[in-house]
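Structure first, then comments.
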Amino acid sequence: MAFPSRYDAESIELKWQKFWTDNKSFDCEIDTTRPKYYVLEMFPYPSGNIHMGHVRNYSIGDVVARFRRMQGYNVMHPIGWDAFGLPAENAAIKHNVQPASWTYSNIDDMRDQLKRLGYSYDWRREVATCHPKYYRWEQEFFLKWIEKGLIYRKKAPQNWCEACHTVLANEQVIDGCCWRCDSLVEQKELTQWFLKITAYADELLEDLKTLEGAWPDRVLAMQNNWIGKSIGAEVAFPLDGALVNEGTTDNADDEIRVFTTRPDTLFGVTFMTLAPEHPLVETLIKGKENEAESRAFIERIRNMDRMARQSDTLEKEGVFTGAYCLNPFTGDQIPIWLGNFVLAEYGTGAVMAVPAHDQRDFDFAKKYGMKLKAVISADGHDLDVNTLEAAYTDAGIMINSGEFSGQSNEEGKAKIIASLESKGKGKQTVNWRLRDWNISRQRYWGAPIPVVYCDKCGMVPVKKEDLPVLLPTHVQPQEDGRSSLADCEEFVKTSCPTCGGEARRETDTMDTFVESSWYFARYTDARNEDAPFSKEALSYWLPVDQYIGGVEHAILHLLYARFFMKVLRDLDYIPADISEPFANLLTQGMVLKDGVKMSKSKGNVVDPTDMIATYGADTVRLFCLFAAPPERDFDWSDSGIEGSARFLQRVWRLYQELRPVIVSGAACFSSAQHAETDKAKALRFREHSTVKKVGEDVGNRYQFNTAIAAIMELVNEIYIVKEELMQTENGKIILSSAIATVITLLTPITPHICEEFWHDLGNAGTIGEQAWPVWSEDALQKDVLTIVIQINGKLRGKIEVSSKATKEEIEKEALAESNIAKHLEGLTLRKVIVIPGKLVNIVAN
RNA sequence: GCGAGAGUGGCGGAAUUGGUAAACGCACUGGACUUAGGAUCCAGCGGAGUAUUCCUUAAGAGUUCGAGUCUCUUCUCUCGUACCA
């Protein structure tokens, strides 16, 4: 049968996609006789259209999955939909549809688009997080959290638009105003549900060490900083004039507790700064001379939106409360100020100010004319604070610090803490930057929180057997963006699980990060109706061996998912020996166009569907992998993809030409045939070194661009030698093996065209099940090596030597080379360095 | 400010352990084939020079027989983060 001269990507791709589906080529089951490999890409939000970032992400994952299958692993490669979230509500308002139908129809569209790319997913494991059979399990988790005291309610300030009467997400606040109606956004205290992630801060931090080398360093560094462990001391400063309870370390309203990482500077405190939200503020300012001024300040700061307050352009400001506290060591009177830069949520909401040794305090003191006191200097001599131009923040010897003077400040730290503890004025504490996770959202399109409120019984969890609490799907979102759940009487009205009386459902839904914190575990047992997953499935499949996704999720998603593993382990959902979800992480860069992120508003979006229609899925996949290494951003290039298309055409023509000499059957791949001529030897060398390189690049280094470049070089080499090798029988065998190797190595990257070749050769099954080729050491042996000769590190010549030549022989030959001899004229030979197999460097002057 | 990373031809990038800088591809130039070419093939392609050759990895210094790679200084850019007490 003739082989078509034209490469028609579309018909080939559709044919093999159907074949794979019909043959269940990528379905996987637990098989304890084989090693497993779980490849996962971050699941998409079903916006309706895949973009190039998706194509890049999923193409990387598919190469890994297909490569591991060929290596003999039992591979699980699932996909699903992160289907709850704000965009569905916005689209629903804009197009007057229901979020549920909008979401499900987007899923249908995007599923088709992904299938057109030929990814090797086990579609039976597909999940959509907005489906009750998915979210009911996190409602069950929620009940467990209540039971175990892992979740609590607390008031917290939220962005609030009074005109729309709704809470706004940070991204809905534009320059401090509501994105919809443009009115000023205020901060409103609302009761929220908090999950105690801080209870796991230590473990989350410690376990980062187990991920070293397997996760990118920068992600580990970011998580480390985000958790932000700092060791210091909590110190109580009694209020001046208040009744002081000696010996108590409990929180009391007659003292101000501060957290400091620098207890060694305690003797240098000259003022105190409190957050305007600090609980003691009201008592402190009441009846004082500048009460009005203080109140105005507090009011102003409180009404600033959170983004503005935390911006870097914010000028440090403060106001004196009129109150004083006392230094627990010296008894000095310390004025208490309010500062706009002190955060109520961090530490204790109060800062002891040491202007001589902290730059921020220094600036503040200079601005408001406060005094400085030096308590550390480099040499132990006193510092003249009047000549200081900046705070002295280095280590040194303590001065003006009573009994502690004269020692290093590092020693002083420990001794001051010990002294505080013995006096009951403070203690060593660990402070975390990490805060508890607010998982409640005042939104409609999310998983309902399974709780009801009863006038008699108060807050009552829904009974486990009554789950799921179904989110009504026929609801139309409000024009103003307000959650329509609260207005849906048939949802809200219910009966109390405890007393049976009238009760109202919680109308907050869960943060969508909750869904994405455990979906990878659900995939292992996606159709389980009795549990979120079985321990058997988790034990076999977890952890994810390779996780791939955008670096923008380096902190939140990855931290929450890690946290979930640990919580669910402690709740006995997950085997005790699993506590980290992702064994290896690859963070991929963005796809740019003309140096900027693709976006509709910039009009620079390249639609993958158009590209597939023009070039075919294999070409699009190939180019996404070839254009740049995965972790780097890459700039889409319309002419660049032409090159990838050209390469596949070139392979097609090569196959067509060599088809008559290709030995059919599995034996042709990576043949260990003996090569007779120099050209045959060279091709065999190239073939085997390519197998070696591609295996390393795909399997270890995740550098698909260089893997593809190596395959291109092999193809180029075949083009050069094919005429000559066609002349002999041995040559034909070597050629056959080389082209077969090209096809095999390309299989994970461009699976459709390779499947076409494979079947054209009369093979059955799928090429994706064939063994990954193995290179043989003998093919990589060279009889003659090219040795580079340098003089003083500069390239001056090359020689060919036998691979068996000794150092002495190489040195002799190098010195005898004509160009070298010429360059050495008139110079004195100092030293000759011979690196066998590589180079000779002659040192002369 | 702090933390992390990067800087290599006209462009994307390669150089994996300190050992031939610019692999592979794009763009471009010349040629072949051709009624035609936006197909294909051949050749060229960092800079200077006819050439032997010299210079070249942001800039400068250092270590080394040898530095794109290691150290220091400076500059630029990207990402993360935000007054963390």
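Every number in this text was worked out from the coordinates using simple rules, so none of it is lab data. Everything numeric in this text was worked out from a predicted model, so none of it was measured. Quick reminder, even Gly has a Cβ in these numbers, built from the backbone with ideal geometry, and neighbours come from all protein chains shown.
Run the numbers on region A:403-524 and let me know its relative contact order in percent, using alpha-carbon pairs under 8 Å that are six or more apart.
28 percent
What FRET efficiency, computed as 1/(1 + (r/R0)^6) with R0 = 30 Å and r the Cβ-Cβ distance, is obtained for A:ARG124 and A:HIS51, rounded to the nearest 0.05?
According to the calculation, E is roughly 0.70.
With the contact rule set at Cα under 8 Å and sequence spacing of 6 or more, what percent relative contact order holds for chain A?
14 percent
Cβ under 15 Å from A:ALA356's Cβ, A:ALA356 left aside: what net charge do those residues give with Lys, Arg +1 and Asp, Glu -1?
Residues near A:ALA356 contribute -4 overall.
Filter the trypsin sites (Lys or Arg not before Pro) in region A:506-567 to those in DSSP coil with at most 12 other Cβ atoms within 10 Å of their Cβ, and list the result.
Those that pass, being in a loop and sparsely packed, are A:ARG527.
Which trypsin sites (Lys or Arg not before Pro) does region A:91-165 hold that lie in a coil by DSSP with at most 16 other beta carbons within 10 Å?
For trypsin sites (Lys or Arg not before Pro) across region A:91-165 that sit outside H, G, I, E and B with at most 16 neighbouring Cβ atoms in 10 Å, the list reads A:LYS148.
Could you list the GluC sites (Glu not before Pro) in region A:775-845 that lie in coil according to DSSP, counting only those with at most 13 other Cβ atoms within 10 Å of their Cβ?
A:GLU825
Enumerate the calculated ³J(HN,Hα) couplings along region A:427-432 in order (Karplus 6.51 cos²θ - 1.76 cosθ + 1.60, θ = phi - 60°), each rounded to whole Hz, writing x wherever the residue is Gly or Pro.
7, 6, 9, 10, 10, 10
Please report the orientation-averaged projected area of chain A, defined via the convex hull of its C-alpha atoms, in nm².
48.5 nm²
Using a 7 Å offset from the Cα along the Cα-to-Cβ direction at both A:LEU827 and A:THR614, what is the distance between the two label points in nm, to one decimal?
Those two pseudo-labels are separated by 5.3 nm.
List the relative contact order of region A:32-160 as a percent without decimals, with contacts defined as Cα pairs under 8 Å and 6+ residues apart.
Relative contact order for region A:32-160 comes out at 29 percent.
Got a sec? How would A:SER579, A:SER534 order by Cβ neighbour count within 10 Å, fewest to most?
Placing the least packed residue first, the sequence is A:SER534, A:SER579.
If each residue of separation counts as 0.36 nm, what is the full-extension length gain between A:ALA292 and A:SER105 once their alpha-carbon separation is subtracted?
So the extension gain works out to 61.5 nm.
I need the phi-derived Karplus couplings for region A:796-802: 6.51 cos²θ - 1.76 cosθ + 1.60, θ = phi - 60°, integer Hz, Gly and Pro marked x.
Coupling constants for region A:796-802: 10, x, 9, 9, 9, 10, 5 Hz.
Mark the label point 7 Å from the Cα of A:GLU631 along Cα→Cβ and return the residues of region A:40-55 whose backbone N is within less than 19 Å of it.
A:40-42
Sequence-distant or interchain residues sharing an amide H contact under 5 Å with A:TRP81, placed H: which?
Amide H neighbours of A:TRP81: A:VAL127, A:ALA128, A:THR129.
Would you kindly calculate the mean projected area, averaged across all directions, of the convex hull enclosing the Cα atoms of region A:789-830, in square nanometres?
One quarter of the hull surface, i.e. the mean projection, equals 3.1 nm².
Tell me what chain A gives for mean residue ellipticity at 222 nm when only DSSP H runs of n ≥ 4 count, each as -39,500 (n - 2.57), the sum divided by the residue total, rounded to 500 deg cm²/dmol.
-11000 deg cm²/dmol
Multiply the residue gap between A:SER495 and A:ASN716 by 0.36 nm, knock off their C-alpha separation, and tell me the result in nm, one decimal place.
Fully extending the segment from A:SER495 to A:ASN716 adds 72.1 nm.
Tell me which residues come under 5 Å, amide H to amide H, from A:VAL75 once H is placed; ignore anything under 5 positions away on its chain.
Residues meeting the amide H criterion: A:TYR37.
Each residue of region A:455-472 in turn: what ³J(HN,Hα) in whole Hz from Karplus with 6.51, -1.76, 1.60 and θ = phi - 60°, glycine and Pro shown as x?
Running phi through 6.51 cos²θ - 1.76 cosθ + 1.60 with θ = phi - 60° gives 4, 7, 9, x, 6, 10, x, 5, 6, 3, 6, 8, 6, x, 7, 6, 7, x Hz.
In terms of modelled amide H atoms, which long-range or inter-chain residues lie less than 5 Å from the amide H of A:THR429?
Residues meeting the criterion, in which the H sits 1.01 Å from N, are A:GLY232, A:ALA233, A:GLU234.
Calculate, in nm to one decimal, what A:ARG302 and A:ARG433 gain on full extension: separation in residues at 0.36 nm each, minus their alpha carbon distance.
Roughly 45.0 nm would be gained on extension.
Tell me, what are the semi-axes, in whole angstrom and largest first, of the equivalent ellipsoid of region A:658-758 as set by the roots of 5 times the Cα gyration tensor eigenvalues?
22, 15, 11
Residues with beta-carbon under 11 Å from that of A:ASN845, excluding A:ASN845: net charge, scoring Lys, Arg +1 and Asp, Glu -1?
Charge balance in the 11 Å sphere: +2.
Using a Förster distance of 22 Å, how high is the FRET efficiency between A:ALA709 and A:ARG646, based on the Cβ-Cβ distance and rounded to 0.05?
Between A:ALA709 and A:ARG646 the formula returns 0.95.
Compute the FRET efficiency between A:GLU315 and A:HIS165 as 1/(1 + (r/R0)^6), taking r as their Cβ-Cβ distance and R0 = 30 Å, and round to the nearest 0.05.
Calculated value: 0.35.
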